[in-house]
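Report on the following structure.
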Amino acid sequence: MTRRFKMLVLLMALLLVSAGSMVAVWSQRDDEPVTILGPWTGEQGKQFENVLRSFGIPFEYQGTAAQREVLLSKVQSGEPPDIAIMPGVGELAEYADQERLESLDGLYAEEEYGSPWKPVSKPPHHAYWVPVKADLKSIVWYREGDRPAGPSAPLSSWCIGMGDDGASGWPGSDWIEDLVLQRQGPDTYGKWALGHKDVKWTGKPVLGAWEAWAGLLRQDRAAARRALLTDHRGDPAGYGLLFDGSGGSGGSDGCALEHQGSFARSFYRGKRQQARLMDSASLLPGGGYPVRAHEVTGDFAALFRDRPQARDLIERLASREGQQKWADDADVFSANRRVRSEGGPVEQAIARRLTGPGTLCLDASDVMPPAVRDAFYEAVLLTIARAAAGEDLDLPGLLNDVQKVADAQGDRPAPLRTVCGT
């Protein structure tokens, strides 16, 4: 054989081997466990795995507090998980817009999940995610027998912590979001979350809410400093900020109020039965305001690989039966209207607000593009740091910087067109 012919034969052999390897890899996919990336670790991670195990579908679950970063790395390397469960839909909307997500059409009963849990996209209106865990915000926790009377509580009475493993500052963003929602209503709130040109960060709705929160922070430099340095969960060996008092005045009585989502129950641990809640609108700085809506957050499952086993697992997890088991086993809440809460009065009140007739709005920062969300959190931390140092807050300047980041993002992805609904 000539040298040229030998080279052609070798090249063909290599191509055949490569093709054979590719066939082997893809043919084995249906026999491999369903890979799942999610946010739950520790005891709740074990409880979630027990729910998955009950479906009888082989799986491999990876829980991490840095799921956004882990997912991005896996997608960029060409090895995404079959299913990713994300806290919010900002990233998922971008992945859907990039055609990286598979449609979930027909995998869950749409009538069981009302707006805003369902995505609204351009025709043909595909569903790309489904909530598998839900939590209520726009509430304030207090200790049994110590119900607050009104919005005049000083900063030292509030249990506040900005620290978090993955995204410090988000507890402060919840204050801003709730103030925008209760002061301006769902329509303005939704436009702001989606980056609508009519509601700028530097405009009165957002700036006014930020100023109201900053007024609270200015009351006590020492309390502001503690809030900046405190983890929002409190001491891992304690009972949360509300019962340990480490996020408040530091006195013998500690703090008495906590603006925190329904997931705070897990921080209270053995003292959760002593915790009570009320709507936040009447207690927010500058209030009381009427209850315009409730802010909510969720963990949403999305499909990155169109495998039968993965589709079957999502279908089972989103079903009434799957959601009921998850709620019962882990004491969590569901957005599924057919799931019943077996808890006490507090749990019943949360469940009613999550699935009842009122207006719900997704957490605004969870909806925003990642770059805008991160700029939001940074502005929150800078506001508290400057208040703690007694410096000029320069809120217009801070918010103008966030607006510049928002302007650079362009239009929101097509799959995301709604934030509030009933």
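Every number here is computed from the coordinates shown, using simple stated rules; none is lab data. As the structure is a computational prediction, the values presented were derived from the model and not from experiment. Using ideal geometry, Cβ is built from the backbone for each residue, glycine included, and neighbour counts are taken over all protein chains shown.
Starting at the first residue of region 371-388, write each ³J(HN,Hα) from the Karplus equation 6.51 cos²θ - 1.76 cosθ + 1.60 with θ = phi - 60°, in whole Hz, x for Gly and Pro.
So the J values, rounded to whole Hz, are 5, 5, 4, 5, 5, 4, 4, 5, 5, 4, 5, 5, 4, 5, 4, 5, 5, 5.
When you count, for each residue, the other Cβ atoms within 10 Å and take the mean per peptide, how do 297-304, 360-367, 153-160, 323-330 rank with the highest first?
360-367, 297-304, 153-160, 323-330
How high is the relative contact order of region 140-209, in percent, counting Cα pairs under 8 Å that sit 6 or more residues apart?
Worked out over region 140-209, it gives 19 percent.
Hey, which lysines would be in cross-link range of K191, C-alpha to C-alpha under 20 Å, not counting anything within fewer than 8 residues on its own chain?
The qualifying lysines are K118, K122, K137, K200, K204, K404.
In whole angstrom, how long is each semi-axis of the equivalent ellipsoid of region 185-322, when you take the square root of 5 times every eigenvalue of its Cα gyration tensor and sort them from largest down?
In descending order the semi-axes read 33, 26, 14 Å.
Do any cysteines of the chain lack a neighbour Cys whose Cβ is under 4.7 Å away, and which are they?
For the chain, the answer is none, because every cysteine Cβ has another cysteine Cβ under 4.7 Å.
Calculate, for M278 and T359, the FRET efficiency according to 1/(1 + (r/R0)^6) with r their C-beta to C-beta distance and R0 25 Å; round to the nearest 0.05.
Step by step, r from the Cβ atoms, then E = 0.90.
Which residues does the label zone of R147 cover in region 277-293, counting backbone N under 19 Å from a point 7 Å along Cα→Cβ?
Once the point is set 7 Å along Cα→Cβ of R147, 277-284, 288-291 turn out to lie under 19 Å by backbone N, inside region 277-293.
Given H placed 1.01 Å from N in the peptide plane, which residues other than close sequence neighbours of T35 have an amide H under 5 Å from its amide H?
Under 5 Å from the amide H of T35 lie the amide H atoms of E60, D82, I83, each far enough along the sequence or on another chain.
Normalized C-alpha radius of gyration of region 286-422, against 2.2 N^0.38 Å?
With N residues counted in region 286-422, Rg over 2.2 N^0.38 Å equals 1.37.
Defining a contact as two alpha carbons under 8 Å apart and six or more residues distant in sequence, what relative contact order in percent does region 264-422 show?
Taking the mean separation of contacting Cα pairs over the length of region 264-422, I get 20 percent.
Describe numerically, in nm with one decimal, the distance between label points set 7 Å from Cα along Cα→Cβ at N50 and at R320.
It works out to 2.4 nm between the two label points.
Here are several values of Cα Rg over 2.2 N^0.38 Å: (1) 0.99; (2) 2.31; (3) 1.08. Which one was derived from the coordinates shown?
Correct label is (3).
Mind pulling the angle between the C-alpha long axis of helix 320-330 and the longest principal axis of the chain? Nearest 10 degrees, somewhere in 0 to 90.
Long axis of 320-330 versus the principal axis of the chain: about 60 degrees.
Over the Cα atoms of region 57-111, each weighted equally, I'd like the Debye log10 I(q)/I(0) at q = 0.14, 0.17, 0.26, 0.28 Å⁻¹, rounded to two decimals.
Taking Cα atoms of region 57-111 as identical point scatterers yields -0.44, -0.64, -1.27, -1.35.
Run the numbers on the chain and let me know its relative contact order in percent, using alpha-carbon pairs under 8 Å that are six or more apart.
Relative contact order, the chain: 27 percent.
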